[in-house]
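Everything on this sheet refers to the single structure shown next.
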Amino acid sequence: MSFYPRFISIEGIDGAGKSTHIAALTERLAAGGAKVLNTREPGGTELAERLRELVLHSGMDGLTEALLVFAGRRDHLQRVIEPALAAGQTVLCDRFTDATFAYQGAGRGMDLQVLATLEQWVQQGPRGLLRQPDLTIWFDLPPATAAQRRAAAREADRFEQQDLDFFERVRAGYAARAAAAPARFARIDASGTVDEVAAQLRAVMEARGC
Ligand SMILES: Nc1ncnc2c1ncn2[C@@H]1O[C@H](COP(=O)(O)OP(=O)(O)OP(=O)(O)O)[C@@H](O)[C@H]1O
Ligand SMILES: Cc1cn([C@H]2C[C@H](O)[C@@H](COP(=O)(O)O)O2)c(=O)[nH]c1=O
């Protein structure tokens with residue numbers, strides 16, 4: 001059974017093309033009558049944006065990264081995401097917890113059970129339910145292609161400086177999360193042209209009634 005998704009996350013390895021399509025996705029949702037809140041992780045609140053700066057630019061191990069992104073997520077959920085959902089808004093979030101399982105879990109080798117415990121603690125929603133996106137759009141791209149696109153676009157942060165093996169593991173981490181939650185995940189083959197990727201995205205949204 002499918003239902004109108006109000007909490008939507010966008011995922012993929014760095015350079016997969018998420019940012020390129022978020023504005024059009026926002027417009028589509030708004031044209032359908034949704035009041036859209038655009039946000040991102042790490043980040044989304046003043047505190048979480050400060051943690052983002054540390055995670056992206058200061059040296060630390062995988063556990064420290066995970067603790068900081070989950071601390072930021074807690075603040076983000078409490079101050080921004082839960083109030084927006086309670087007010088009937090649609091939340092469009094550039095990355096959420098699947099990124100932690102992919103980057104800190106698969107990429108850095110953090111124990112997935114530890115991440116699952118942190119996820120349970122941090123994402124307790126109303127009535128004790130685990131807060132998860134209703135829909136996760138995964139832009140899937142081979143790491144070599146993503147690296148070429150990034151190189152042409154901008155200066156690399158701590159994650160973007162990682163080698164192709166790291167991004168192969170991160171990609172596999174996303175694939176594992178998608179396999180574990182097939183109803184929530186929609187995979188987009190991001191290797192085509194911008195127009196081809198946009199057409200896939202439209203098809204995903206149509207299939208979800210958006
Ligand atoms: N389908 C495409 N074909 C070729 N280039 C693309 C395509 N989609 C995006 N790009 C380009 O690739 C670069 C990375 O795209 P974008 O910034 O949208 O990725 P991203 O997933 O948001 O990355 P990050 O998560 O690291 O911020 C940009 O220069 C963008 O113009
Ligand atoms: C949420 C989250 C993110 N990351 C990493 C993934 C990216 O390399 C950066 C964010 O950069 P973007 O350009 O905004 O996509 O942070 C992570 O390692 N763990 C997380 O939970």
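Here are a few things to note about the model shown:
- Of all residues in segment 70-90, those satisfying the criterion of being surrounded by fewer than 24 Cβ atoms within 10 Å (Cβ to Cβ) and either within 14 Å of the chain's Cα centre (by Cα) or of a type in the set (A, V, I, L, M, F, W, C) (or both) are Phe70, Ala71, Leu77, Val80, Ala84, Leu85, Ala86, Ala87.
- Residue check, Arg149 closer than 24 Å to Ala71 by Cβ, touching a residue at least 24 places away in the same chain (Cβ under 8 Å) and in a helix (DSSP H, G or I): no
- Check on Gly88, out of contact with any Asp or Glu (no Cβ under 9 Å at 6 or more places or on another chain) and at pLDDT below 95: no
- Listed by position, the helices (runs of 4 or more DSSP H) enclosed by segment 1-110 that each have at least 2 residues that are more than 15 Å from Asp157 (Cβ to Cβ) and either more than 13 Å from ligand 2 (Cβ to nearest atom) or out of contact with any strand residue (DSSP E or B) (no Cβ under 9 Å at 6 or more places or on another chain) (or both) are 18-31, 46-57, 62-76, 82-86.
- A single member of Asp111, Asp98 is closer than 18 Å to Val170 by Cα, surrounded by fewer than 18 Cβ atoms within 10 Å (Cβ to Cβ) and among the acidic types (Asp, Glu), and it is Asp111.
- Selection status of Arg149, within 17 Å of Ile10 (Cβ to Cβ) and basic (Lys, Arg): yes
- Lone unmet requirement of (1) within 12 Å of ligand 2 (Cβ to nearest atom); (2) modelled with pLDDT under 95; (3) out of contact with any helix residue (DSSP H, G or I) (no Cβ under 6 Å at 6 or more places or on another chain) for Asp157: (3)
- Failed item in (1) over 23 Å from Ile81 (Cβ atoms); (2) within 16 Å of the chain's Cα centre (by Cα), with Pro143 passing the rest: (2)
- Residues being closer than 24 Å to Leu29 by Cβ and within 16 Å of ligand 1 (Cβ to nearest atom) - total across segment 95-123: 5
- Residue among Leu135, Leu92, Leu164, Leu85 that is within 28 Å of Ala198 (Cβ to Cβ), among the hydrophobic types (A, V, I, L, M, F, W, C) and within 14 Å of ligand 1 (Cβ to nearest atom): Leu92
- All conditions but one from (1) assigned to a helix (DSSP H, G or I); (2) among the charged types (D, E, K, R); (3) within 16 Å of ligand 1 (Cβ to nearest atom); (4) surrounded by 13 or more Cβ atoms within 10 Å (Cβ to Cβ) apply to Arg187; the one that does not is (1).
- Pro133 meets each of the listed conditions (1) part of a helix (DSSP H, G or I); (2) touching a residue at least 12 places away in the same chain (Cβ under 8 Å) apart from (1).
- Leading residue by the ranking (nearest to Ala31 (Cα to Cα)) among those in segment 159-210 that are touching a residue at least 12 places away in the same chain (Cβ under 8 Å) and among the acidic types (Asp, Glu): Asp189
Yes/no matrix, rows are residues, columns are (1) among the hydroxyl-bearing types (Ser, Thr, Tyr); (2) touching a residue at least 60 places away in the same chain (Cβ under 8 Å):
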residue	(1), (2)
Phe7	no, yes
Thr26	yes, yes
Glu49	no, no
Arg52	no, no
Glu65	no, no
Leu68	no, no
Ala71	no, no
His76	no, no
Glu82	no, no
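The values are calculated or read from the model by the stated rules, or taken from the named source; none is laboratory data. If you're wondering where the values come from, they're calculated on a predicted model, not measured in any experiment. Virtual Cβ from ideal backbone geometry, glycine too; neighbours counted across all protein chains shown.
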